[in-house]
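The values are calculated or read from the model by the stated rules, or taken from the named source; none is laboratory data. Since the structure is predicted, the reported quantities are computational estimates derived from the model, not experimental observations. Note that each Cβ is placed from the backbone with ideal geometry, even for glycine, and that neighbours are counted across all protein chains shown. Surface accessibility is based on the protein's heavy atoms, side chains included, excluding ligands, DNA and RNA. Shrake-Rupley method; radii C 1.70, N 1.55, O 1.52, S 1.80 Å.
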Amino acid sequence: MMATPAPNPQDSASYEDRRAYPRVAVAMPAFLQANGKRHAVHLLDLSAGGAKLKCSAAVPTGTAVVLDCGSLGRSAVVRWQTGGLLGLCFDSELDAREVTALIARSIALESLMKARG
């Protein structure tokens with residue numbers, strides 16, 4: 001039996017159709033702790049099962065990490081990384097309250113940035 005390759009985020013839309021959780025676009029700074037180092041990242045989208053980040057650090061697929069969004073810290077595993085983007089799979093699902101709180105925080109940050117001009 002052959003192992004299936006890790007999904008590539010550049011794959012067709014059919015990959016998105018296989019996702020177990022709907023993704024929600026967000027925009028907020030966060031930190032990624034990996035291999036004893038803390039990296040500044042930007043959270044781009046989120047679901048109960050994972051997240052997509054803008055990350056300049058090279059973090060190999062399979063690395064155990066912790067995503068720190070200030071009010072939420074969640075352990076995860078890196079599933080893919082390409083072109084400055086990184087995909088995480090959370091070790092335990094976010095509940096609806098946690099997802100809603102992160103979306104609200106993203107909206108508040110966006111409003112603040114627009115107000116500052």
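Structure summary
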read-out: Cβ-based net charge around S92, under 13 Å, with every Lys or Arg adding one and every Asp or Glu removing one; value: -3
read-out: R0 of 35 Å, Cβ-Cβ distance S56-D95: FRET efficiency to nearest 0.05; value: 0.70
read-out: Extension gain from K114 to Q33, taking 0.36 nm per residue of separation minus the Cα-Cα distance; value: 26.2 nm
read-out: Sum of side-chain charges, L44 neighbourhood, beta-carbon under 11 Å (Lys, Arg +1; Asp, Glu -1); value: +2
read-out: Solvent-accessible area of T61 with every protein chain in place, 1.4 Å probe, in Å² to the nearest 10; value: 90
read-out: Residue-wise HN-Hα coupling along the stretch 53-66, computed from phi with Karplus coefficients 6.51, -1.76, 1.60 (Hz; x: Gly, Pro); value: 10, 8, 9, 7, 7, 8, 10, x, 4, x, 6, 6, 9, 10
read-out: ³J(HN,Hα), Karplus 6.51/-1.76/1.60, whole Hz, each residue of the stretch 94-99, x for Gly, Pro; value: 6, 8, 4, 5, 5, 4
read-out: Charged-residue dipole, Cβ positions (Lys, Arg, Asp, Glu), the stretch 14-100 about Cα centre, Debye nearest 20; value: 240
